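Engineer: To start, I am sharing the structure in question, which I have written as structure tokens.
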Amino acid sequence: MEITCEVNGQPVTVEVEPHWLLADVLRNQLGLTGLHLGCEYGVCGACTVLMDGEPVRSCLSFASQVAGHQITTVEGLAVDGKLNRVQTAFINHHALQCGFCTPGFLVTGTYLLQQGKLLNREEIREALSGNLCRCTGYQQIVDAVEEAVNQQSANAVECE
Amino acid sequence: MKPAAFEYVCPDTLEEALSYLDLWGDSAKILAGGQSLVPLLNMRLAQPQYIIDINRLPGLSGITRHPDTRTVEIGALVRHHQLISNPILLAHASLLSEAARYIGHIAIRSRGTIGGSIAHADPSGELPLAVTALRGHLKVRSRHSQRTIPIEDFFGGYYMTALEPNELIYAVEVLESPIRTGCAVKEFQRRHGDFALASAAAAITVDESGAVLQARVAVGGVAPNAVTCSKVEEALCGQTNNNQFSLAAELVAQHIDPPEDIQASADYRRHLAIALAAEAIDSAYERALWAKEEA
Ligand SMILES: Cc1cc2nc3c(=O)[nH]c(=O)nc-3n(C[C@H](O)[C@H](O)[C@H](O)COP(=O)(O)OP(=O)(O)OC[C@H]3O[C@@H](n4cnc5c(N)ncnc54)[C@H](O)[C@@H]3O)c2cc1C
Ligand code: FES
Ligand code: FES
């Protein structure tokens, strides 16, 4: 079957089998290999993408289901080649080692950023609890997201 | 792993979905949020021939209050994250909002639905627990018939329900909580977002003097399905202090005979169920007192 959706701001039409996972179509048909498949049953979070702005597991959706929806992958987070706040904070805080989990954390972190709310450390830990990392021990990841989210919210409060 | 091939339909009307279901019965699976079904498909623990995607059905995503019957109706496709913040639920059936906060993680809550969670019938599911505590009803349709199933008649053992192969849940209905009601859910899990080893839900209503007028208590994870604890509820009526609440919570033991597995012994699960019920009751009571102050 043929589906049309929007991926990282671009309209895309692609031929898929109904049982193909969204994750596989993004990686294999569309070449967006940023997202990773760690577990394929919803637990690790490495395949997280935004669907209409909400974080979802691309290993638990079929590509056939996203016709007419907007998908954002890690490749779509930078704007005009400029890394977003979460991405920059990851670099500053050394929030990755092997990088396997990173796309999922960046997508989840960007979702939090887009909510525009001040979050305490506990709330950030809760929000990131659906993403597993085998390398870093999480502290730098939480530090990075905390800085990105709260910097942005602080700026927004000042502007008001 | 990857799912086996299947035929996929995504109907636009409930009637169309029900006719597919009627035609294909057991060889089809309804796909709602996919957060329980797709893991099973990926691991090939389920290999249905047909998938009926209900995500585009209209009229299943609303939360409506019916003041005449004092009920709240929640469409089967309402997502877990909507339950958490919906103002009608927060005001009139906040046990569901409390319960939904404990489900998995944000990316699970953004897709998972109440209908899917009830139909999946996980013994540790928070929504089955909350709807059981509230003595909710499931509104079910097939192509030619319609019925309302009380939740106490719905679950039939681990992952089993009273649904016929051609039936679909289209809504969940609960009675509005009376004024001066407080609700709480407590659970124990090894890691944040995991399924609970044991859980408890309580909705406590107090009278004008602050004594318990009505109690709703259920425990989860300690039996094939969530269990209502009527002895605890009766013992709570008229009480005002925490010592009495703890004594009442002990009666949970009379309602359960927990299983033993690699994760926990039967005794440990029983201990958890009692302790969590006591905590849920304390915290629901405290909230009921706040609600009384506000009333
Ligand atoms: C990592 C992870 C963590 C999770 N943690 C928790 C947790 O802590 N607590 C918890 O309760 N759940 C948890 N879940 C499961 C989650 O809540 C699911 O959303 C829920 O169990 C099923 O809802 P769904 O809409 O995703 O249903 P689906 O997966 O689409 O369907 C589940 C089953 O219900 C049937 N079905 C769906 N809708 C209907 C309907 N309207 N009528 C009849 N049958 C229907 C399907 O055919 C299927 O058999 C977790 C899931 C994951 C992946
Ligand atoms: S691959 Fe999707 S959550 Fe692990
Ligand atoms: S950086 Fe290696 S898994 Fe997170």
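Engineer: Give the peptides A:95-101, B:159-165, B:107-113 in descending order of average Cβ contacts within 10 Å, highest first.
Structural biologist: B:107-113, A:95-101, B:159-165
Engineer: Looking at chain B, I'd like the Rg to Rh ratio, where Rg is from alpha-carbon atoms and Rh is Kirkwood's inverse mean 1/r.
Structural biologist: Result for chain B is an Rg/Rh of 0.98.
Engineer: Do the sum for chain B: with -39,500 (n - 2.57) for every DSSP H run of n ≥ 4, divided by all residues, what is the mean residue ellipticity at 222 nm, to the nearest 500 deg cm²/dmol?
Structural biologist: -9500 deg cm²/dmol
Engineer: For peptide A:38-49, compute the average count of partner chain beta-carbon atoms within 10 Å of each residue's beta-carbon.
Structural biologist: The per-residue average across the peptide is 4.
Engineer: In a GNM of chain B with a 10 Å cut-off on Cα contacts, which of B:SER142, B:SER209, B:SER117 has the highest mean-square fluctuation?
Structural biologist: Highest fluctuation of the listed residues: B:SER209.
Engineer: Quick check on chain A: of the DSSP beta bridges with both residues there, what percent are antiparallel, nearest 5%?
Structural biologist: So the antiparallel bridges amount to about 90 percent of the total.
Engineer: If we count every other residue with Cβ under 9 angstrom of B:PRO258's Cβ, Lys/Arg +1 and Asp/Glu -1, where does the sum land?
Structural biologist: Its environment carries a net charge of -1.
Engineer: So what is the relative contact order of chain B, in percent, for Cα pairs below 8 Å that sit 6 or more residues apart?
Structural biologist: 16
Engineer: Taking the Cβ of A:VAL142 as the center, what net charge do the other residues with Cβ under 14 Å away carry, scoring Lys and Arg +1 and Asp and Glu -1?
Structural biologist: Spelling it out: positives minus negatives among the neighbours equals -4.
Engineer: Still on this structure: I'd like to know which of B:GLN263, B:VAL206, B:LEU134 lies farthest towards the positive end of the charge dipole of chain B, counting +1 on Cβ of Lys and Arg and -1 on Cβ of Asp and Glu.
Structural biologist: Checking the options against the dipole of chain B, the answer is B:GLN263.
Engineer: Using per-residue counts of other Cβ atoms within 10 Å, averaged over each peptide, order B:235-241, A:20-26 from highest down.
Structural biologist: With the highest mean Cβ count within 10 Å placed first, the list reads A:20-26, B:235-241.
Engineer: Sticking with this one: First measure r as the distance between the Cβ atoms of B:GLU293 and A:ARG125, then evaluate 1/(1 + (r/R0)^6) with R0 = 35 Å and state the FRET efficiency to the nearest 0.05.
Structural biologist: Calculated value: 0.60.
Engineer: Show me you know the interface measure: the accessible area buried between A and B, both chains summed, probe 1.4 Å, in Å² to the nearest 100.
Structural biologist: Buried area between the two chains comes out at roughly 2300 Å².
Engineer: Could I ask something else about it? Does region B:9-108 come out rounded, prolate or oblate by the C-alpha gyration tensor, with a ≥ b ≥ c the root eigenvalues, rounded set by a/c under 1.5 and, if not, prolate when a/b is larger than b/c and oblate if not?
Structural biologist: Since a/c reaches 1.5 but b/c is at least a/b, the shape of region B:9-108 is classed as oblate.
Engineer: Let me confirm one metric for peptide A:130-141, namely the mean number of other chain beta-carbon atoms within 10 Å of its residues' beta-carbons.
Structural biologist: Mean partner-chain Cβ count within 10 Å for A:130-141: 1.
Engineer: For region A:45-58, take each phi angle, set θ = phi - 60°, evaluate the Karplus expression 6.51 cos²θ - 1.76 cosθ + 1.60, and give the result in whole Hz per residue in order, putting x for glycine and proline.
Structural biologist: Going residue by residue, I get x, 5, 9, 4, 10, 9, 10, 6, x, 9, x, 9, 7, 6 Hz, with x marking Gly and Pro.
Engineer: Under unit Cβ charges (Lys, Arg +1; Asp, Glu -1), what dipole magnitude, rounded to 20 debye, does the protein assembly as shown have relative to its Cα centre?
Structural biologist: The calculation lands at about 420 debye.
Engineer: Could you work out Rg/(2.2 N^0.38 Å) for region B:191-263, with Rg from alpha carbons only?
Structural biologist: Taking N as the residue count of region B:191-263, the ratio is 1.24.
Engineer: Another question, if that's okay. With charges only on Cβ, +1 for K and R and -1 for D and E, what is the dipole size of region A:13-160 about its Cα centre, in debye, rounded to 20?
Structural biologist: Dipole magnitude for region A:13-160 comes out near 280 debye.
Engineer: For chain A, calculate the relative contact order in percent as a whole number, restricting contacts to Cα pairs under 8 Å that are 6 or more residues apart.
Structural biologist: 23
Engineer: For B:THR161, which sequence-distant residues (separation of 5 or more, or a different chain) have an amide H within less than 5 Å of its own amide H, given hydrogens modelled in the peptide plane?
Structural biologist: B:GLY156
Engineer: Right, here's the next one. Kindly write out, for region B:61-68 in residue order, the coupling ³J(HN,Hα) from the Karplus curve 6.51 cos²θ - 1.76 cosθ + 1.60 (θ = phi - 60°), rounded to whole Hz, with x marking Gly and Pro.
Structural biologist: 10, x, 10, 10, 9, 10, x, 4
Engineer: In nanometres, what is the gap between the two model label sites at B:ALA162 and B:SER230, each 7 Å from Cα along Cα-to-Cβ?
Structural biologist: Once both label points are built, they end up 1.5 nm from each other.
Engineer: Sticking with this one: How much net charge surrounds B:GLU286 when only the other residues with a Cβ under 12 Å from the Cβ of B:GLU286 are counted, with Lys and Arg +1 and Asp and Glu -1?
Structural biologist: For residues surrounding B:GLU286, the net value is -1.
Engineer: When the distances between all Cα atoms of region B:7-53 are binned every 10 Å from zero, what whole-number percent does each bin get?
Structural biologist: That works out to 28, 55, 17, 0, in percent per bin.
Engineer: Starting from the amide H of A:CYS44, placed 1.01 Å from N in the peptide plane, find each other amide H under 5 Å away whose residue is 5 or more places distant or on another chain.
Structural biologist: The answer is A:CYS39.
Engineer: Here is a follow-up. Normalised by the empirical 2.2 N^0.38 Å for globular proteins, what value does the Cα Rg of the protein assembly as shown take?
Structural biologist: Scaled against compact globular proteins, the figure is 1.01.
Engineer: Could you work out, residue by residue across B:108-121, how many beta carbons of other chains sit within 10 Å of that residue's beta carbon, and then give the average as an integer?
Structural biologist: Rounded to a whole number, the mean comes out at 2.
Engineer: Would you mind checking which residues have amide H under 5 Å from B:ALA76's amide H? H placed 1.01 Å from N; only 5 or more apart, or other chain.
Structural biologist: Residues meeting the criterion, in which the H sits 1.01 Å from N, are B:ALA171, B:VAL172.
Engineer: Also, quick follow-up: How tilted is helix B:266-294 with respect to the longest principal axis of chain B? Cα atoms for both, answer in degrees (0 to 90, nearest 10).
Structural biologist: 70
Engineer: Now a separate question. Mind checking the dipole of chain B: about its Cα centre, +1 per Lys or Arg Cβ, -1 per Asp or Glu Cβ, Debye to the nearest 20?
Structural biologist: Here chain B has a charge dipole of around 600 debye.
The values are calculated or read from the model by the stated rules, or taken from the named source; none is laboratory data. This structure is a prediction, so every number in the text was calculated from the model and none was measured. Note: ideal-geometry Cβ built from the backbone for every residue, glycine included; neighbour counts use all protein chains shown. Remember, those area values only see protein heavy atoms, side chains included, never the ligands or the DNA or RNA. Shrake-Rupley method; radii C 1.70, N 1.55, O 1.52, S 1.80 Å.
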